[in-house]
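Notes to accompany the following structure.
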Amino acid sequence: MSEQRVAIVACARTPLVKAGKALASLGPLSLAKRAVTGLLERHRVDPASVEAMAFGVVVPEEGRPNLAREIVLESGLPSGIEAQTVSSYCISGLRSTTIIADAIARGRVSCGIAGGVEWLSGADPATFREPTTGLSMGEHMEITSREWRIPRERQDEVALASHRNAVAARERLAREIVPVEGVDHDTGPRSETSLEKLAALPPAFDPAGTRMRS
């Protein structure tokens, strides 16, 4: 059987903010629900047309092991649709997208919602340590940067480009953001940063390392 064509036709998300700041009191379900309902309302999607949901999350919410199911029930989607929660660290949201895309391509559903949410304000730091090594992701990247011989200067250049690109795209990105608690834009990108300011930041994961939080 030939595969069906798959297309992403609409998107919506909440703003990205620093952990412990403006949205610290909102858990994963609250954030995800706002994104999903914002998607349905902004793009006039008929909830009855949605046949499946997959949602990624690494930091679970107590009492809600299948977050995707709770999103379905609280967003006005059909209660009988398939809903699965995915946890695969940084690719959780992307993996959710491939699950829905595969279901559409193979004809199991014709319309689905894929997404991801994270709430680092309530995260246990141990969540981000690899059990087999005891190292955090940042500590692992210190090893990677040493083995791949990526100097601090090059890392600062990439970080600066990331900030500048995000700032330049603010108007474009605003069209996909669902305002939450009065926040209608990403708060991380800094227009005033520079190579000099980045170079002044101390290493975050190893006193003798090169990785910093920019």
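In table form, for the structure just shown:
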item	result
Distance histogram for region 117-156 (every C-alpha pair counted, 10 angstrom bins, percent rounded to whole numbers)	25, 38, 30, 6
Angle between the chain longest axis and helix 92-105 axis [Cα atoms, degrees, rounded to 10]	30
DSSP bridge pairs, the chain: antiparallel proportion in percent, nearest 5	20
Charge dipole magnitude, Cβ of K and R +1, D and E -1 - region 39-89, Cα centre, debye nearest 20	100
Options GLN4, GLY80, THR132, ranked by Cα towards positive dipole end of the chain, top entry (Cβ charges)	GLN4
Whole-number accessible area per residue in Å² for the chain, which is evaluated in the context of all protein chains at 1.4 Å	61
Exposure rule at most 14 other beta-carbon atoms within 10 Å, DSSP loop chymotrypsin sites (Phe, Trp or Tyr not before Pro): the chain longest free segment	1-88
Protection proxy ranking, peptides 151-158, 25-32, average beta carbon neighbours within 10 Å, highest first	25-32, 151-158
Kirkwood hydrodynamic radius (C-alpha pairs) into Stokes-Einstein, the chain, 37 °C and 0.692 mPa s, D in µm²/s	170
Within the chain: Cβ-based charge dipole about Cα centre, in debye rounded to nearest 20 (Lys, Arg +1; Asp, Glu -1)	360
Largest-first principal axis extents of the Cα set of region 46-144 (Å)	47, 30, 18
Protection proxy ranking, peptides 109-117, 193-201, average beta carbon neighbours within 10 Å, highest first	109-117, 193-201
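The values are calculated or read from the model by the stated rules, or taken from the named source; none is laboratory data. What you see is a predicted model, and the numbers here were worked out from it, not measured in a lab. Neighbour counts are summed over all protein chains in view; Cβ atoms, including those assigned to glycine, are modelled from backbone coordinates with ideal geometry. Please note that ligands, DNA and RNA were not included when accessible areas were found on the heavy atoms of the full protein model with its side chains. Shrake-Rupley method; radii C 1.70, N 1.55, O 1.52, S 1.80 Å.
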